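Below: one structure, written as structure tokens.
The values are calculated or read from the model by the stated rules, or taken from the named source; none is laboratory data. What you see is a predicted model, and the numbers here were worked out from it, not measured in a lab. Positions of Cβ are generated from backbone atoms using ideal geometry, with glycine treated the same way; all protein chains shown enter the neighbour counts. For accessibility, only protein heavy atoms count, side chains too; no ligands or nucleic acids. Shrake-Rupley method; radii C 1.70, N 1.55, O 1.52, S 1.80 Å.
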Amino acid sequence: MNYDTLIFWILLLVWGVFALAFYKRTSPSKIKTRDITLDAMFLGIIILMGAVPQLGYIQILPWLSLTLLHLPVLIGAYLFGWKRGLLYGTAFGVTSWIVALTRASGALDVLFVYPWISVLPRMLFGGLSGLLFQVMRKMPKIDKTGWACGLLSFILTCLHTGLVFLDLYIFYPTMIGAAFASTDPVAVGVGITFALAILLGMVGEASLAAIVVPVTGRALRKVEKSKE
């Protein structure tokens, strides 16, 4: 077992203990058939988007993919809170890992075959999204405004990109740093292009989330309330 693998399992264990400490507060009697059905629906959407090429992960450059899988994670986190956000974020990460194992096509994509790169940031993204949406929903005046949900979705999507590349830098500082810290003119040009592509992709993903999450999430909340 190498150093990176050891760090991954330690972080995963810590995160698992943290999750269990909260999950144990929910008794089995409170688990409803409707909840299981909703989880199955969201997980099915995430798995389907991950499995179909150019649907959940859109290859725009040989070394860079955009994702739409953050959308069901954010919607689920908005509707149900941090526990479901953590669950859906983990599913997001697992699909990323599997896609990297089966369809990786670039130097950056190949790094996602390591679960500490593909899974951990997505778990953290889902859990944090649920927590922040829960905080927002405790403020009814802000929650009623669609712009607040849209703005938070935009910020969380940017946070997701930041977490992924922070994770890449933590585990592979030499490789990631070389893309931006070189003094060679050609390497500098490549690094700038790389950074701009990431930035534009992040803004595109975040803008889409700012539109889709409040519209879809608020509509689903109305449906849920009407059934209740």
*On the given criteria, is residue 103 open to solvent by 50 Å² or more (accessible area, probe 1.4 Å) and touching a helix residue (DSSP H, G or I) at 6+ places or on another chain (Cβ under 6 Å)?*
no
*Is it the case that residue 69 is open to solvent by less than 60 Å² (accessible area, probe 1.4 Å) and either aliphatic (A, V, I, L, M) or at pLDDT 75 or above (or both)?*
yes
*Go through region 109-161 and give me each residue that's over 17 Å from the mean Cα position of the chain (by Cα) and hydrophobic (A, V, I, L, M, F, W, C).*
110, 135, 136, 139, 142, 147, 148
*All positions within region 114-156 that are polar (S, T, N, Q), open to solvent by 20 Å² or more (accessible area, probe 1.4 Å) and part of a helix (DSSP H, G or I)*: 134
*Which pairs do you get when a residue that is more than 21 Å from residue 70 (Cα to Cα) and surrounded by 14 or more Cβ atoms within 10 Å (Cβ to Cβ), found in region 187-213, comes within reach of a residue that is modelled with pLDDT under 90 and hydrophobic (A, V, I, L, M, F, W, C), reach meaning Cβ atoms under 6 angstrom, with the pair 6+ apart or on two chains?*
191/179; 191/180; 194/179
*Residue ID - surrounded by the fewest Cβ atoms within 10 Å (Cβ to Cβ), chosen from residues in region 72-96 that are more than 20 Å from residue 168 (Cα to Cα) and of a type in the set (Gly, Ala, Ser)*: 81
*Is there any pair with a first residue in region 40-59 that is touching a residue at least 40 places away in the same chain (Cβ under 8 Å) and in a strand (DSSP E or B) and a second that is open to solvent by less than 60 Å² (accessible area, probe 1.4 Å) and of a type in the set (Ser, Thr, Tyr) whose Cβ atoms are under 7 Å apart and which are 6 or more apart or on different chains, and what are they?*
57/65; 57/67; 59/65
